[in-house]
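Asks: Got a structure for you, questions after.
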Protein chains: 4
Amino acid sequence: MNFDFKRDCRGIISVIGASDIDNNTEKKTIEIGRLLAKNGYAVSCGGLSGVMEAVCKGDKEENGLTIGIIPHTEKTIANKYVDIVIPCPFSQARNIVVVLTGDACIAISGKAGTLSEICFAWIYQRPIVALMGVGGWSSEIANHKLDNRRNDLIFGVESPQEAVSKIIELLESSSNSKDLSFTNKF
Amino acid sequence: MNFDFKRDCRGIISVIGASDIDNNTEKKTIEIGRLLAKNGYAVSCGGLSGVMEAVCKGDKEENGLTIGIIPHTEKTIANKYVDIVIPCPFSQARNIVVVLTGDACIAISGKAGTLSEICFAWIYQRPIVALMGVGGWSSEIANHKLDNRRNDLIFGVESPQEAVSKIIELLESSSNSKDLSFTNKF
Amino acid sequence: MNFDFKRDCRGIISVIGASDIDNNTEKKTIEIGRLLAKNGYAVSCGGLSGVMEAVCKGDKEENGLTIGIIPHTEKTIANKYVDIVIPCPFSQARNIVVVLTGDACIAISGKAGTLSEICFAWIYQRPIVALMGVGGWSSEIANHKLDNRRNDLIFGVESPQEAVSKIIELLESSSNSKDLSFTNKF
Amino acid sequence: MNFDFKRDCRGIISVIGASDIDNNTEKKTIEIGRLLAKNGYAVSCGGLSGVMEAVCKGDKEENGLTIGIIPHTEKTIANKYVDIVIPCPFSQARNIVVVLTGDACIAISGKAGTLSEICFAWIYQRPIVALMGVGGWSSEIANHKLDNRRNDLIFGVESPQEAVSKIIELLESSSNSKDLSFTNKF
């Protein structure tokens, strides 16, 4: 193939959020997908509908690479914009794999399942950006901490552009610094 | 054995919370363990320290039965008050098993891991009671909903006595009603 | 409760095997359940039908304690002889939890799912006894090793009586010895 | 990117086997990796050493795409030939994800962990090819069935060339036929 992942991809961003979303949230999520692809990032998500489908759609419009980690054994259940389907038939435990596959995480609205993913991104020291103004947990939890194990925040952002520029900034500063002490506590 | 689980146990309550707690929270958690045992309920927890150890300690003081679902392969890592050790070496995914093993859930303080357990208890339709006045997520989330899939709340309670009487009330009303539509959405 | 698990139970034996079995295998499995309970051992199994149901049935006939680790979120799917239901909604990954919950393992017939459980019992250093003369993988693999990480065998036995006396012998010798070096390799 | 997974990749083959291998097995595994890439297939594996490293090395020599599903939370533990690291911190349960990510499976030698993966490939209806003459479970189980749920075999092959041509043949015939009834039994 005329493609080398490590050469051609700057990293993987996990994008998490609700499985049913309104038009406004869908548009913003598609735009985030487009911007991630344009900037050379692959997308990791849960592979199903709503935010998961919209971010893959946007990403593919700009010829990106999409990874869908589905909670089923059959690949056909993934949305049509997923390139690489990872079947992880462990119900909600698949959320952990979605988050860990990304080097950083963007949250867009979301219900209790998304909140569990934000928890795991927090626990596993992934930088997190939360889109505000779209309802759901990303709006609620923006600019908060989940507990005292980290010094940073879940950074609230107001637009797709800000979401992507902030996540890139966080990724680049975290890869340059050594003080991001990884603690894998239960 | 002179014991029949289904005859002698009214159910299992999962008790979730921080792995390190202050004296005040420990005392309250021990009391919750005692009251659960006195009322005929077994305890399910994560099997390690803090809230997990305190609730098992209280439960055993009243000759209860304790189940510890640990994220390791070796049983010896469980705290000494755990009767039945269930090794579930799936890191944070073991939180799902802790919550599902209980018929209802009591949250006591807690960090991001506990919040993920509250999410799963919510998703899997377990009645939830949250102790207030002990800091952490149980205090924060008390009397809120996580999303609109359920009509009830995470019920805030102010004392061990209220925690146990409320959880029993919730369990008995849920087993009598048919309107608790179980939805296993991802 | 007039019951203390650590005082009244000598340990937990996981019993694994096919979910559909013939009459002869069912009778032998019930007998193994009876003998385990009589000897003070609780049973861990997958909680569903076939060997899982028969061993729980036998165990309850002698007032034992049964633990069913089911690959579903809803407890009602467990067979009626299961006392403690542990929902582990991780499809075949629940096999790992079944095996680790036991201090030792008895295999009775079985298809590919049972063979995966024998693999995990082997990897996680659980003593294993395999009933011969009942078809399936327990008959096939009896008196073999799976690889060179252990010095012992999967011990073939010819009757329920021999299965239970052998597993007790193995458990008692392993708890007395220190040379069972636990290696958790992937 | 100048790459579209669905356009440029014919599918994903999971390659499973021992984490420590001899020179002969390593050479053959590298060759299998090379041939898979040349034929347009991406590789899924456990991401660590031995067969997992050799197949990724071969695949990258021919500019293929490699996916490593590791049983850890930190991506750095993957071997250096893995492109896309999927952290699946669920100990042996990650084996299930390795196998399901492939559309078909090639087994090369292997111990008990590999045998568990063969079980899952069998249960989840993935076509399986087993390399003979390299010791371990692939040699042992070649040309056998694990149980009666499938009509086909674990096909034994004698060379890297035969492994890859057989797996392609199996994949193409399975995608053309409708009689591969998927049964997800526990």
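Asks: For segment A:127-155, which positions are in contact (Cβ under 8 Å) with a residue 40 or more places away in the chain and either of a type in the set (D, E, K, R) or touching a Ser or Thr at 6+ places or on another chain (Cβ under 8 Å) (or both)?
Replies: Residues satisfying the conditions are A:P127, A:L131, A:V134, A:G135, A:G136, A:S138.
Asks: Pull up segment A:33-48, narrow it to residues that are in contact with a helix residue (DSSP H, G or I) (Cβ under 7 Å, 6 or more places away or on another chain) and under 25 Å from A:C88 (Cα atoms), then point me to the one that is surrounded by the fewest Cβ atoms within 10 Å (Cβ to Cβ).
Replies: Ranking the qualifying residues of segment A:33-48, first place goes to A:A37.
Asks: Now for a different question. In segment B:64-92, how many residues are surrounded by fewer than 22 Cβ atoms within 10 Å (Cβ to Cβ) and closer than 21 Å to C:W122 by Cα?
Replies: Residues flagged as surrounded by fewer than 22 Cβ atoms within 10 Å (Cβ to Cβ) and closer than 21 Å to C:W122 by Cα within segment B:64-92 amount to 6.
Asks: Confirm whether D:I21 is within 14 Å of chain C (Cβ to nearest Cβ), in contact (Cβ under 8 Å) with a residue 60 or more places away in the chain and either under 14 Å from D:N95 (Cα atoms) or of a type outside the set (S, T, Y) (or both).
Replies: The answer is yes for D:I21.
Asks: Here's something else I'd like to know. Which of (1) within 14 Å of chain A (Cβ to nearest Cβ); (2) surrounded by 19 or more Cβ atoms within 10 Å (Cβ to Cβ) does D:V51 not meet, given it meets every other one?
Replies: (1)
Asks: Which residue pairs have Cβ atoms under 7 Å apart, sit 6 or more places apart or on different chains, and have a first residue in segment D:69-94 that is farther than 14 Å from B:P71 by Cα and a second that is crowded, with 24+ Cβ neighbours inside 10 Å and among the hydroxyl-bearing types (S, T, Y)?
Replies: So the pair list comes out as D:I69/D:S44; D:I69/D:T101; D:Y81/D:T66; D:V82/D:T66; D:D83/D:T66; D:I86/A:T101; D:P87/A:T101.
Asks: Test C:A42 against the criterion of being farther than 23 Å from C:E140 by Cβ, outside any loop (DSSP other than H, G, I, E, B) and within 14 Å of chain D (Cβ to nearest Cβ), and give yes or no.
Replies: Answer is no for this residue.
Asks: Here are some residues: C:D59, C:D8. Which one is without any contact (Cβ under 8 Å) to a residue 60 or more places away in the chain, buried (at least 24 other Cβ atoms within 10 Å of the Cβ) and closer than 20 Å to B:I84 by Cα?
Replies: C:D59
Asks: Here is a further query. Could you list, in sequence order, all residues of segment B:54-66 that are under 14 Å from the mean Cα position of the chain (by Cα) and at the interface with another protein chain (Cβ under 7 Å from one of its Cβ atoms)?
Replies: Scanning segment B:54-66 gives a single hit, B:L65.
Asks: Also: Filter segment A:4-37 for residues that are within 22 Å of A:S174 (Cβ to Cβ) and assigned to a loop (DSSP other than H, G, I, E, B) and give the result.
Replies: A:C9, A:R10
Asks: Just to check your reading of the model, which residue among B:I67, B:I84, B:I13 is of a type outside the set (F, W, Y) and touching a Leu at 6+ places or on another chain (Cβ under 6 Å)?
Replies: Being of a type outside the set (F, W, Y) and touching a Leu at 6+ places or on another chain (Cβ under 6 Å) holds for just one of B:I67, B:I84, B:I13, which is B:I13.
Asks: Taking the conditions exactly as written (within 14 Å of chain D (Cβ to nearest Cβ), under 17 Å from A:W137 (Cβ atoms), in contact with a strand residue (DSSP E or B) (Cβ under 9 Å, 6 or more places away or on another chain) and of a type in the set (S, T, Y)), does A:S14 satisfy them or not?
Replies: yes
Asks: Are any of the residues in segment D:122-134 touching a Phe, Trp or Tyr at 6+ places or on another chain (Cβ under 7 Å), over 23 Å from D:I84 (Cα atoms) and surrounded by fewer than 24 Cβ atoms within 10 Å (Cβ to Cβ)?
Replies: yes
Asks: May I pose another question? Spot the failing condition for D:T101; the list is (1) without any contact (Cβ under 8 Å) to a residue 40 or more places away in the chain; (2) crowded, with 24+ Cβ neighbours inside 10 Å, and only one is missed.
Replies: That leaves (1) as the condition not met.
Asks: Residues that are within 14 Å of chain A (Cβ to nearest Cβ), under 24 Å from C:T76 (Cβ atoms) and modelled with pLDDT of 95 or more, at least 3 per element: which helices (runs of 4 or more DSSP H) completely within segment B:79-186 meet that?
Replies: Answer list for segment B:79-186: B:94-101, B:112-123.
Asks: Test each condition in (1) within 24 Å of A:N95 (Cβ to Cβ); (2) out of contact with any Pro (no Cβ under 7 Å at 6 or more places or on another chain); (3) at the interface with another protein chain (Cβ under 7 Å from one of its Cβ atoms); (4) of a type in the set (V, I, T) for B:T73 and report the one that comes out false.
Replies: (2)
The values are calculated or read from the model by the stated rules, or taken from the named source; none is laboratory data. Nothing here was measured: the structure is a model prediction, and the numbers come from that model. Reconstructed Cβ throughout: ideal geometry from the backbone, glycine too, with neighbour counts over all protein chains shown.
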